[in-house]
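Asks: A single structure is presented below for examination.
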Amino acid sequence: MPEQLSFCKSLFAGAIEQEIVFPYPRIDAEEEENLSMILDSLRQFAKDHVNSSEIDRSGEIPKEILGGLAELGVFGMSIPEEYGGYGFSSTAYNRVFEEMAAIDASLAVTMGGHQSIGLKALLLHGSEEQKKRYLPKLASGEWFAAFALTEPGAGSDAAGIQTTAVKDESSGDYILNGNKIWITNGGFADFFTVFAKTPMGDGGEMKISAFAVTRDMEGVASGKEEEKLGIHGSSTTELTFDNVRVPASNLIGPLGKGFKVAMEVLNSGRLGLAAACAGGTKKLTALSVDHAMNRKQFNTPIANFEMIQGKISDMVVDAFVVESMVYLTTGLIDRGDVDYSLESAICKVYGSEAAWRTVSEAMQIAGGLGYSAEYPYEQALRDVRINLIFEGTNEVLRAFIALAGMQEHGEYLKKVGKALQNPLADLGVLTDYTLGRIKSRVSTNRLEDVHSALSEQTGKFEEYAKELHVAVEKVLTKYRKDVIHQEFLLQRISDMVIDLFAMVSVITRLDSMLKEKGEDNVQRELTICQTFCEDAWRRIRRNSRQIENNIDASRKKIAESTCETGGYDLDLIG
Amino acid sequence: MSVDILVVAEQRDGVLNRSTLEAVVAGQELGKQLGKEVALVALGKGISSLAEELTSKGVKEVLTVDDDKLSDYTPDGYAGALQQVIAAENPAYVLFSHTYTVRDYAPKLAMKLERPLVSDCVRYKMDGNALVFVRQVFQGKIDADFTFEGDGPHLVSFQVGAFNADNLETSGAAGAVRNLSLSMDNVEIRTKVLDVFEGVKQEVDLSKADRIVSVGRGVKKSENIEMMKDLAAALGAEMGASRPVCDDGWLPLDRQVGSSGQTVAPKLYFAVGISGAIQHIVGMKNSGTIVAINKDPHAPIFDIADYGIVADLFEVIPEVISALKES
Amino acid sequence: MKIIVCMKQVPVQDSLLKITDDSRWVQEAELNYEINESDHYALETALLLKEEHGGEVVILTMGPRRVKEAIKQGLAKGADRALHINNESFTTLDIFINAKLLAAAIQQEEADLVLTGLQTDDYGFGQTGVILAEKLGLPHASIVMEILKQDGSIKVKREMESGWFQSVELPLPALLTIQSGISQIRYATIKGIMMAKKKEIKELSLSDLGLAEGDVDDSTSSLKFHKLYVPEKTKQAELLEGDPKDVAAQLVHKLKNEAKVF
Ligand SMILES: Cc1cc2nc3c(=O)[nH]c(=O)nc-3n(C[C@H](O)[C@H](O)[C@H](O)COP(=O)(O)OP(=O)(O)OC[C@H]3O[C@@H](n4cnc5c(N)ncnc54)[C@H](O)[C@@H]3O)c2cc1C
Ligand SMILES: Cc1cc2nc3c(=O)[nH]c(=O)nc-3n(C[C@H](O)[C@H](O)[C@H](O)COP(=O)(O)OP(=O)(O)OC[C@H]3O[C@@H](n4cnc5c(N)ncnc54)[C@H](O)[C@@H]3O)c2cc1C
């Protein structure tokens, strides 16, 4: 497969691949019209049938709701028509997913476990026969799917799984043994994408492969439902595989390539999660605005107080940014020829943190009743929190964003280093080299032809894209391979990239809007864009400065000594 | 002999629909304005005693059409008969009370006569010499003025409750009964009436309730009904609802209050997120104390409420619940 | 059985209505539209009948271009095709003229049943369906709550006041005006939505209907519409003001001490 371009990875190399993100992707008019009807149906259905607080209290989603949604067809949106689904674009799929999250988080998680990740490996790598066998049932909602990767000893370090699938030479079947934990839909799914290690070749080296496992296979068992902080209506259980006989024809993708399959699934799955966060953020914003306008203190609606206005503004800006980056990235997926792994990780990290900020401020605006179980805020707070943890914790994703971005760049550095004897001295040459490799494309370190109303934001973006490149070179030059352990720096670099991608997402969205509608008609959006970019470049600048000038060593020391003493042992009194 | 203002009486099994008297009141008031007399027309089979009863209702004449084809109400029969009555009598105005039956045949009559009908008027007024009929549009949120040009017959139906039957002027001489013999031969009755019946008895008899909390479409979704149930519990009240809430299945049908639901008159009626459409109001307007909670200050429900709260019900109801619990 | 369903688009229920400067209509620029409530039920009724007895459901809509949205929704729910009279250039309040236009379209189809909602949520005349029946020479029943199809006829249950009903039998073809709540309305499914795009929407102009400009001239009508205005209040409720906690306390106090309902 030819190497695919990536907007964010190119930023590490100092190049702005404008063509990837401009103009802002649009879905075609017909799909948009369909989408708006589907959203109408879904909203109406929810109005009539979904009681989110009841789902939270009872800990389950009533069968009629899942049945009703199945009838609407939402469980097969992403599945191609030839397998009984509807072949939605990633944009359309995620937009519906966003709406489901605004209706109820448990519902969205169930749907995500099924469609964003549970059956995704089949879609991406399933054989024709496997697709024909499973997808129609999964599309109709007759069956639900789950994605089983995590194990007791392997969470963030997913490559460390212990579940094995050993070929029984006599039958050709794989014998599956092991435990999975935290599996969404684990309690009732009929289809599982299970990742297990298989011995490879003569040496017997264990490599990960993906398997299609069904509930009816002997030896598959679910544990009891986990009691969780939130998303109470979603099922999360342990899964055990006790000598489960899996036919060789159930291997998904090539033998030994399962880790790559898992990462690919998560790359796209994460985006759904970010879309869900956009939905949650928008819904909370509406609740907060309503409350702020109605609640009077000191004889005036609290919406008139600037500290409250600040919160509302932050919510709206966050919602706008998440929306902009999510649907820019789904657009990238839909064009099919770019690497979007960094972008989707960025959406997940930014989206989940934005949703968390928002729910916290929404609760604050609601005051005492925000804390009351009779109002939706505390449930929202409990429901939203998971997003920072699953489908890759935000820490692990930050490390991934920084390292995957630098990896490519680092490899060239190595090569060039060898060639030049005096490896990492002449940065100018290095930069030329990296830029040169993209020579077949027109790439620059400028954003061209952006609407003049955005010239300041565009300028800042270019300036700080350069800062990122410089920071990356500094870090790589200094630490080389050891950069992997410099997490303080990785965090800063990833935060810089996150802000840069967020900036370009709102800039390109605004650019398209300005060109289509004219400046007078997009004033609100323009103000949001300006406000965000102003904040973002200042954050990038701070992160950039702290690459060299920081207190990391002290923080490390404090953490290490506290780990030694086993906690806070510096009590002032007593 | 001809009539000036003709009011069409509505009866079932010889029993007068009380709203007919409202239309007579409208006719009398209009007659005073215009210096015209009012007559009633009743259709049916064997309605002589009804006709007799009508003579005391302050009209100059009671016209009757007594025919086999009118023994049951059918739109063909009524429109066919009235078309002939109107052609013969040439009244300036033909007035109806806007009942479900009138909804069913009056437009047909209008088409037959090629005379427009202003339906469901809430009042009339004089604008100089012009007689202006006022009807509501957008479900009572806006009023619209209409006038007629040229000679009659002009057809007008008045909303039930728009005029008060208690204001009926009956002091004058009793009216004379005049039987009209029309030829109904050419009137083909295509609908066959099979039965007229009362729907299944409601499981919940709201008419006996002392307190009712009624919810309307303002609750937004079925999920929010729960909060309203909490309010009802705190008040010791029964739950009621506007029609759309029952249509959508958020509450069972036997909770519906209004013209096609139950008629209630509790001591206390809470209307929460109900706009106050006429079909709802006729079912609860005789309640003792009416409390309306609606975020739209122009909602017609505030016209009949005793206490009104213009606010988001989701903000107010929880506070009302806790205030009730405290007291 | 071939069923024609007349559907209209009206401003969404919760719209904030502002009257135009000439007082003749409401400002449309900021309005969103939806299918008239009882028309939804009329469509649902038609679809159920078709599912039970086979046949075809044809949507008939009159209105400007925006009504395409409503048509597509109807097609997505399962109607087979649609007729659209674009009346942008001859919009009128005159019910006779509107019925004439609808009738002309219906006459081009040989329908067994014509369904309309019982009234619209905008003007609320509640006359179009019945007038249309008379124009088409069809028997009708209004405010219908139940339909039973028989051979060559239908039995329907009509709503009357206060929980009473009338059960009548009509020969086919016939026209029925449908009351809200006759059944639960379905949601457009993704499948239906995707299939809708393949269905025919036929545009009908005046001349397609065999009519001329003169046929839509409402200036000779004896009924004149003058203006719209926000109703003057007759009796106003005593409005309680303050923040929610405050009004709640006031209300409970008044119910206790003034109204003495406890
Ligand atoms: C409700 C729920 C549903 C889930 N659904 C599924 C599912 O359907 N399928 C599935 O396979 N899994 C699922 N999971 C598992 C989930 O993906 C993991 O919990 C997650 O990946 C974290 O793994 P862990 O819990 O083992 O935490 P750990 O990996 O132990 O992480 C603990 C902490 O250490 C941090 N950390 C770890 N490594 C690093 C590092 N290199 N640098 C910095 N910090 C680090 C983490 O960020 C975290 O803060 C689900 C989890 C939950 C709670
Ligand atoms: C023949 C016929 C028979 C009918 N019979 C009946 C009948 O028996 N009973 C009946 O009720 N109706 C009946 N109807 C229907 C009637 O015309 C109205 O459509 C119906 O009563 C409207 O119900 P509603 O007030 O709940 O909804 P709407 O008119 O939609 O009003 C909802 C109200 O809620 C308010 N609101 C919205 N959100 C909030 C909030 N957050 N806080 C506070 N307020 C809010 C809005 O301002 C609005 O005023 C009949 C209609 C016809 C044609």
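Asks: Between 0 and 90 degrees, rounded to the nearest ten: what's the tilt of helix B:313-326 against the longest Cα principal axis of chain B?
Replies: Compared with the principal axis, the helix lies near 60 degrees.
Asks: Residues of the stretch B:270-294 with the amide nitrogen closer than 13 Å to a label point 7 Å from the Cα of B:Lys229, along Cα-to-Cβ, please.
Replies: none
Asks: While we're on this one: Using a 1.4 angstrom probe on the protein heavy atoms only, could you order C:Cys6, A:Cys563 from most to least accessible area?
Replies: Accessible-area ranking of C:Cys6, A:Cys563, largest first: A:Cys563, C:Cys6.
Asks: Based on the Cα atoms of chain A, what semi-axes does the equivalent ellipsoid have, where each is the square root of 5 times one gyration tensor eigenvalue, given in whole Å with the largest first? Present the calculation step by step, with values, prior to reporting the outcome.
Replies: Working: eigenvalues 255, 217, 134 Å².
The three semi-axes for chain A are 36, 33, 26 Å.
Asks: Please state, rounded to one decimal and in Å, the Kirkwood hydrodynamic radius that the stretch B:95-161 gives when every pair of distinct Cα atoms enters the mean of 1/r.
Replies: Computed over the stretch B:95-161, the radius equals 12.4 Å.
Asks: Expressed as an acute angle from 0 to 90° and rounded to the nearest 10, what is the orientation of the C-alpha long axis of helix C:68-77 relative to the principal long axis of chain C?
Replies: The angle comes out near 80 degrees.
Asks: Turning to a different aspect of this structure: Viscosity 1.306 mPa s, temperature 10 °C: what is the translational diffusion coefficient of the stretch A:145-256 from Stokes-Einstein with a Kirkwood Rh over Cα pairs, rounded to a whole number of µm²/s?
Replies: In µm²/s, the coefficient rounds to 112.
Asks: Hey, how many Å between the Cα centroid of the stretch C:136-193 and the Cα centroid of the stretch B:154-171?
Replies: Using only Cα atoms, the two centres lie 31 Å from each other.
Asks: How much accessible surface does B:Lys60 have with a 1.4 Å probe, in Å² rounded to 10?
Replies: Accessible surface of B:Lys60 is approximately 100 Å².
Asks: Another question about this same structure. Could you state the angle between the C-alpha long axis of helix C:244-257 and the longest principal axis of the C-alpha atoms of chain C, as a value from 0 to 90 degrees rounded to the nearest 10?
Replies: Once rounded, the angle reads 70 degrees.
Asks: Quick one: compute a quarter of the convex hull surface over the Cα atoms of the stretch A:1-54 and quote it in nm².
Replies: Computing the convex hull of the Cα atoms and averaging its projections yields 7.9 nm².
Asks: Lysine pairs, Cα distance under 19 Å, 8 or more residues apart or cross-chain: how many in the stretch B:201-326?
Replies: 10
Asks: Give me the tail of P(r) for the stretch C:132-219 as a percent: Cα-Cα pairs with distance above 20 Å. Could the numbers behind the result be given before it?
Replies: Values: 2334 of 3828 pairs.
In whole percent, the long-distance tail amounts to 61.
Asks: Need one value: the accessible area of C:His40 in square angstrom, 1.4 angstrom probe, rounded to the nearest 10.
Replies: Result for C:His40: roughly 40 Å² accessible.
Asks: A further question follows. To the nearest 0.05, how large is the calculated FRET efficiency for B:Val15 and C:Asp14 if R₀ is 45 Å and r is the Cβ-Cβ distance?
Replies: About 0.65, to the nearest 0.05.
Asks: To one decimal place, what Kirkwood hydrodynamic radius in Å is obtained for the stretch B:212-327 from all pairs of distinct Cα atoms?
Replies: Details: mean 1/r = 0.0733 Å⁻¹.
Computed over the stretch B:212-327, the radius equals 13.7 Å.
Asks: Given Cα pairs under 8 Å that are at least 6 residues apart, what percent is the relative contact order of chain A?
Replies: In percent, rounded to a whole number, it is 16.
Asks: Could you tell me the center-to-center distance, by alpha carbons, between the stretch B:264-327 and the stretch A:1-68 in angstrom?
Replies: So the separation of the two Cα centres works out to 40 Å.
Asks: How compact and how long is chain B, expressed as Rg and Dmax of its alpha-carbon atoms in Å?
Replies: 22.3, 72
Asks: Using label points projected 7 Å from each Cα along Cα→Cβ, tell me how many nm separate A:Val166 and C:Gln236, to one decimal.
Replies: 8.6
Asks: While we're here: Return the equivalent ellipsoid semi-axes of the stretch B:69-113 as a descending list in whole Å, where each equals the square root of 5 times an eigenvalue of the C-alpha gyration tensor.
Replies: 16, 13, 9
Asks: Same structure, new question: Mind giving me the FRET efficiency for A:Glu142 and C:Lys202? R0 is 51 Å, r the Cβ-Cβ distance, nearest 0.05 is fine. Write down the numbers at each step before the final one.
Replies: Details: r = 38 Å, r/R0 = 0.74.
The calculated FRET efficiency here is 0.85.
Asks: Then there is this: Taking accessible area as the heavy-atom solvent-accessible surface of the protein chains with a 1.4 Å probe, which residues of the stretch B:75-122 lose no less than 30 Å² upon going from the isolated chain to the full protein assembly?
Replies: Buried by the other chains: B:Tyr100, B:Arg103, B:Asp104, B:Pro107, B:Lys108, B:Met111, B:Pro116, B:Leu117, B:Ser119.
Asks: Related question: Can you give me the distance in nm between label points at C:Asn257 and C:Thr220, each placed 7 Å from the Cα along the Cα-to-Cβ direction?
Replies: Label at C:Asn257, label at C:Thr220, 6.9 nm between them.
Asks: Per residue Cα convex hull volume for chain C, in cubic angstrom?
Replies: About 197 Å³ per residue, rounded to a whole number.
Asks: Right, here's the next one. Can you tell me the relative contact order of chain B? Whole percent, Cα pairs under 8 Å, sequence separation 6 or more.
Replies: Over chain B, the number comes to 15 percent.
Asks: May I ask you to derive the relative contact order of chain C, considering only C-alpha pairs under 8 Å and at least 6 residues apart, and to give it as an integer percent?
Replies: Relative contact order here is 22 percent.
Asks: Taking the Cα centroid of the stretch B:8-22 and of the stretch A:170-214, what is the distance between the two, rounded to the nearest whole Å?
Replies: 79
Asks: Considering amide H positions built from the backbone, and no H for Pro or chain starts, which residues 5 or more places from B:Val196, or on another chain, come under 5 Å of its amide H?
Replies: Sorted by chain and number, the residues that satisfy this are C:Ser167.
Asks: If we restrict to alpha carbons, what Rg and Dmax does the stretch B:137-286 come to, in Å?
Replies: Cα-based Rg and Dmax for the stretch B:137-286 come out at 21.2, 63 Å.
Asks: Mind checking the full-extension length gain between B:Lys125 and B:Phe197? Use 0.36 nm per residue of separation minus the Cα-Cα distance, one decimal, nm.
Replies: Value of the extension gain: 22.0 nm.
Asks: Also, I was wondering about something else. Please report the antiparallel percentage of the DSSP beta bridges confined to the stretch A:145-256, to the nearest 5. Write out the running numbers ahead of the final one.
Replies: Values: 28 of 33 bridges.
If we restrict to bridges inside the stretch A:145-256, about 85 percent are antiparallel.
Asks: For the protein assembly as shown, just list the percent of Cα-Cα distances falling in each 20 Å bin from zero outward, please.
Replies: 10, 33, 32, 17, 6, 1, 0
Asks: Quick one: if you stick a label point 7 Å off each Cα along the C-beta vector at A:Leu124 and A:Asp216, how many nm between them?
Replies: Inter-label distance under the simple model: 2.8 nm.
Asks: Along the Cα-to-Cβ line of A:Asn549, 7 Å from the Cα, sits a label point; which residues in the stretch A:454-492 have backbone N less than 20 Å from it?
Replies: Output list for this probe position: A:463-476, A:478, A:488-492.
Asks: Could you tell me the accessible area of A:Leu397 in Å² (1.4 Å probe, neighbours in place), rounded to the nearest ten?
Replies: Counting only protein heavy atoms, A:Leu397 exposes about 0 Å² to solvent.
Asks: Determine by what factor the alpha-carbon radius of gyration of the stretch A:7-140 differs from 2.2 N^0.38 Å, reporting the quotient.
Replies: Working: Rg = 17.4 Å, N = 134, 2.2 N^0.38 = 14.1 Å.
Compared with the compact-globule rule of thumb, the stretch A:7-140 sits at 1.23.
Asks: ³J(HN,Hα) across the stretch A:358-370 via Karplus (A = 6.51, B = -1.76, C = 1.60, θ = phi - 60°), whole Hz, x for Gly/Pro?
Replies: Coupling constants for the stretch A:358-370: 5, 5, 5, 6, 4, 5, 5, 5, 6, x, x, 6, x Hz.
Asks: When the Cα atoms of the stretch A:261-395 are enclosed in a convex hull and the volume is divided per residue, what value in Å³ results?
Replies: 99
Asks: Which value, in Å to one decimal place, does the Kirkwood hydrodynamic radius take for the stretch A:459-574 when every pair of different Cα atoms is included?
Replies: That comes to 16.9 Å for the stretch A:459-574.
Asks: Can you give me the orientation-averaged projected area of the convex hull built on the Cα atoms of the stretch B:1-151, in nm²?
Replies: Averaged projected hull area, Cα only: 8.9 nm².
Asks: Before we go on, tell me the buried accessible area for the B/C pair, both chains summed, 1.4 Å probe, in Å² to the nearest 100.
Replies: Buried surface at the B/C interface: approximately 7600 Å².
Asks: Right, next: Within the stretch A:151-190, what residues put their amide N at less than 17 Å from the label point 7 Å along the Cα-to-Cβ vector of A:Lys260?
Replies: A:159
Asks: If you don't mind, there's one more thing I want to ask. Filter the cross-link list A:Lys9/A:Lys131; C:Lys2/C:Lys227; A:Lys348/A:Lys556; B:Lys69/B:Lys125; C:Lys135/C:Lys157 down to pairs whose alpha-carbon distance in this structure exceeds 29 Å.
Replies: A:Lys9/A:Lys131; C:Lys2/C:Lys227; B:Lys69/B:Lys125, as the Cα separations exceed 29 Å there.
The values are calculated or read from the model by the stated rules, or taken from the named source; none is laboratory data. Keep in mind that this is a model prediction, so the values were computed, not measured. Neighbour counts run over all protein chains shown; Cβ positions are idealised from the backbone, glycine included. Ligands, DNA and RNA are excluded from the accessible area calculation, which covers all protein heavy atoms including side chains. Shrake-Rupley method; radii C 1.70, N 1.55, O 1.52, S 1.80 Å.
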